[in-house]
Amino acid sequence: MCLFCKIAQHEIKANIVLEDEHAVAFRDINAAAPTHVLVIPKKHIVSLSEATEADQALLGRLLLMARAVAEKLDLLNAGYRTVVNNGTDAGQSVFHLHIHVLAGRKLTWPPG
Ligand code: 5GP
Ligand code: ZN
C-alpha cells in the first residue's frame with residue numbers, strides 16, 4: 001500500500017484538517033508555505049494523468065474539499081493556491097494523486 005493510502009486509512013499518522021467518505025485533507029510534513037495542506041482521494045489514483053471519466057465526480061469532490069480547507073482555515077479572503085504536480089518534470093514525488101493547498105504568504109508566479 002502506498003504512503004498516502006496508509007494516511008487515508010489512518011495507518012500512518014497525519015495532521016488531518018478535513019475528512020469525508022471519499023477524501024482526506026492533511027498538513028504537509030514539509031510545508032512550503034505557512035499553510036500547506038494536501039487533499040487526497042481515498043481511492044488510489046497515481047496521478048491526474050491516470051484519472052479517467054469514471055473519476056469525474058471524485059475529482060470535483062477533491063477541488064471542493066480544497067475549497068472547504070480554505071474556508072476552514074479562513075483563507076477565502078486572502079487567497080490560496082492549488083497545485084497538482086504530475087510526473088517527473090513537475091516534481092511529483094508521491095505517486096498518489098494530491099492537490100496542494102498553499103497559503104499564508106505572497107506566492108510568486110510563475111512557479112519554479
Ligand atoms: P509532490 O512533490 O508529490 O507534489 O508532493 C508530495 C508532498 O507530500 C510533499 O510536499 C511532501 O512534503 C509531502 N509528504 C511526503 N511524505 C509525507 C508524509 O509522510 N506525511 C505528510 N503529511 N506529507 C508528506
Ligand atoms: Zn495510494
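In segment 51-91, how many are open to solvent by less than 80 Å² (accessible area, probe 1.4 Å), touching a residue at least 24 places away in the same chain (Cβ under 8 Å), over 22 Å from residue 16 (Cβ atoms) and out of contact with any helix residue (DSSP H, G or I) (no Cβ under 7 Å at 6 or more places or on another chain)?
Total meeting the criteria: 1.
Yes or no: residue 95 under 19 Å from residue 1 (Cα atoms) and part of a strand (DSSP E or B)? Give the steps one after another, and end with the answer.
Details: under 19 Å from residue 1 (Cα atoms): yes; part of a strand (DSSP E or B): no.
Considered against the rule, which asks whether it is under 19 Å from residue 1 (Cα atoms) and part of a strand (DSSP E or B), residue 95 comes out as no.
Can you list residue pairs whose Cβ atoms sit under 9 Å apart, with the first residue in segment 1-21 being among the polar types (S, T, N, Q) and the second being open to solvent by 100 Å² or more (accessible area, probe 1.4 Å)? Count only pairs 6 or more apart in sequence or on different chains.
So the pair list comes out as 9/1; 15/29.
When residue 1 is evaluated against the numbered criteria (1) of a type outside the set (Ser, Thr, Tyr); (2) more than 16 Å from ligand 2 (Cβ to nearest atom); (3) out of contact with any His (no Cβ under 6 Å at 6 or more places or on another chain), which criterion, by number, is the only one it fails?
The failed condition is (2).
Would you check which residues across segment 62-104 are within 16 Å of ligand 1 (Cβ to nearest atom) and of a type in the set (D, E, K, R) and list them?
Selection gives 81, 89.
The values are calculated or read from the model by the stated rules, or taken from the named source; none is laboratory data. Note that the structure is a prediction, hence the values are computed from the model and not measured. Glycine gets a Cβ as well: all are built from the backbone with ideal geometry, and neighbour counts include every protein chain shown. All accessible areas refer to the heavy atoms of the entire protein, side chains included, with ligands and DNA or RNA removed. Shrake-Rupley method; radii C 1.70, N 1.55, O 1.52, S 1.80 Å.
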